[in-house]
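Visitor: Mind having a look at this structure? Questions to follow.
The values are calculated or read from the model by the stated rules, or taken from the named source; none is laboratory data. Quick caveat: nothing in here was measured; it's all calculated off a predicted structure. Please note: Cβ atoms are built from the backbone with ideal geometry, for glycine as well, and neighbour counts cover all protein chains shown.
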Amino acid sequence: MKSFELTPDMLTMGGVFYPKGCAFIMFPNASAAEQVARAIESNPGTTSEVMLLSPTTVLTKIGKVEGESDVTLPSVGTEGATVRRYVDLARRGNSALMVKLDSDEDAALVMVAARKVTFSYGQRYHLLAMEDLE
């Protein structure tokens, strides 16, 4: 598993989190996220790169929340609303996986693994659109 590092290519021009070519899936607890990460990484059919994010990482790196403050999050369209949802889930203790997807086949394999446990919310980021993962 790779450590999460927020890079400029994961942000829109306005600074909102938008990691093109990735799936971002939130889980009610760290053990569920870790279980799915192990399943993805052990699947010989995928080349996906997996990053595990703690609730604190989601809050500080994705949501730009400091401490217990209630900072104003970006309000730019769907991207801003999605970040607000990530922050809300992280405040409830949800962990996340961010998975780099090279193909639709990778996305399908990731979702097979994610559906084996309960996940709270997921998005797949395309070049110009976001897709709800169910």
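Visitor: State all residues of the range 2-19 that are farther than 16 Å from Leu101 by Cβ, of a type in the set (A, V, I, L, M) and surrounded by 14 or more Cβ atoms within 10 Å (Cβ to Cβ); if no residue qualifies, say none.
Guide: Across the range 2-19, the qualifying residues are Leu6, Leu11, Val16.
Visitor: Looking at the range 80-87, can you tell me whether even one residue there is crowded, with 19+ Cβ neighbours inside 10 Å, at pLDDT 95 or above, assigned to a helix (DSSP H, G or I) and out of contact with any Gly (no Cβ under 7 Å at 6 or more places or on another chain)?
Guide: Within the range 80-87 (the criterion being crowded, with 19+ Cβ neighbours inside 10 Å, at pLDDT 95 or above, assigned to a helix (DSSP H, G or I) and out of contact with any Gly (no Cβ under 7 Å at 6 or more places or on another chain)), the answer is no, since none of the residues qualifies.
Visitor: Report, by residue number, each residue of the range 1-20 that is modelled with pLDDT of 90 or more and either in contact with a Cys (Cβ under 7 Å, 6 or more places away or on another chain) or within 17 Å of Ala114 (Cβ to Cβ) (or both).
Guide: The answer is Pro19, and nothing else.
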